[in-house]
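Computed from the coordinates by the stated procedures, all read-outs in this text should not be read as laboratory data. Since the model is a prediction, treat every value here as computed from it, not as a measurement. All Cβ positions, glycine included, derive from the backbone under ideal geometry; neighbour counts span all protein chains shown.
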Amino acid sequence: MGELPRLLRPWKIWSPFWQRRMGFSERLLPLTCVGLVIVLLGLPYLIINQTMNYIGWSAFDPATALDNQIPFIAWTIIPYSSLYIYYPLGAIMAPRNDLGRRKMIALYQTIFLVSWIIFLVFIFLPSEIHIRSQIPLEVRGGGGMWGWAYGNSLHITDKPWNAWPSLHIVQSLLIVLTIEHWWSENPQSRKKTTARIAMWLAWMMLAISILTTKQHFVWDLFSGIIVALSAWHWILKPTLKWCESDAAMAHFSN
């Protein structure tokens, strides 16, 4: 296939890590990917979240009647929090060879790029997640069995902004689709039907949880799926294919 647009090709920031990819018993590059998620995504997310909370302005209200009908289910904070398993999972599941490492970089670079675009939406088209008011007051105040997870933890660090498209959905779905891609390339992994079913069921639970924890509107869920599938089709999938080419090997060798 032909050369990728320059923006989609692996950036120079990866160069020192690629050169030392065999370090720490081949763990340096995976650890770098996860570390960059914290620095390049986690910190900007918190800054934008706190800033928009301070400003307190909404561009529009995406709430529908369905948002009011979906019940609050406290324990679904568990699958909601599973997003933080997906970040290292993308690195752990990558094949342990240079092709797999090139594709690992493609995955995380795509996540960075798409997330930064979504950050712009958070800034210029913010939407307050006012449906948090549907959570029982006791829970929001930190009381009861699950109060510690909501009132004493989640709601302190994650203010009711950064709504759409849901980063929970976009980032996790890109990782799941990439793992499916890796499994489809491996004849032995193709037989892992149980693992595949478990992975997709876990992702579906995460998708449902963004609604039942009252962290997102239905609009956030569907816009997140649309963005993730679009990014997969137009950005990540072509980049993964390009990683197999001679042009990619030359690019990385340089």
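Model label points for Gln50 and Gln134, set 7 angstrom from Cα along the Cα-to-Cβ axis, are 3.0 nm apart. Using a 7 Å offset from the Cα along the Cα-to-Cβ direction at both Trp57 and Thr157, what is the distance between the two label points in nm, to one decimal? With each label point 7 Å from Cα toward Cβ, the separation is 2.9 nm. Distance between the pseudo-spin-label points of Ala202 and Leu66 (7 Å out from Cα toward the beta carbon): 2.6 nm.
So how tilted is helix 193-212 from the main axis of the chain? Cα-based, degrees 0 to 90, rounded to 10. Rounded to the nearest ten degrees, it is 40. Legend: calculated FRET efficiency, Leu99 to Ser230, from the Cβ-Cβ distance at R0 = 25 Å, rounded to 0.05, equals 0.50.
Projecting the Cα atoms of Gln19, Leu107, Pro5 onto the dipole axis of the chain, where Lys and Arg carry +1 and Asp and Glu carry -1 at the beta carbon, places Gln19 farthest toward the positive end. Take the residue pairs Lys214/Lys237; Lys103/Lys192; Lys192/Lys214 and return only those whose Cα atoms are more than 28 Å apart. Exceeds cut-off: Lys214/Lys237; Lys192/Lys214.
Magnitude of the charge dipole for the chain, about its Cα centre and with charges confined to Cβ atoms of Lys, Arg (+1) and Asp, Glu (-1), is about 780 debye. Please state the relative contact order of the chain as a whole percent: Cα pairs under 8 Å, 6+ residues apart? It comes to 30 percent, rounded to a whole number. The angle between the Cα long axis of helix 167-185 and the longest principal axis of the Cα atoms of the chain comes to about 30 degrees, rounded to the nearest 10. Between the Cα long axis of helix 43-55 and the first principal axis of the chain there is an angle of about 30°, rounded to the nearest 10. Highest mean packing comes first when the peptides 40-51, 106-117 are listed by Cβ atoms within 10 Å, giving 106-117, 40-51.
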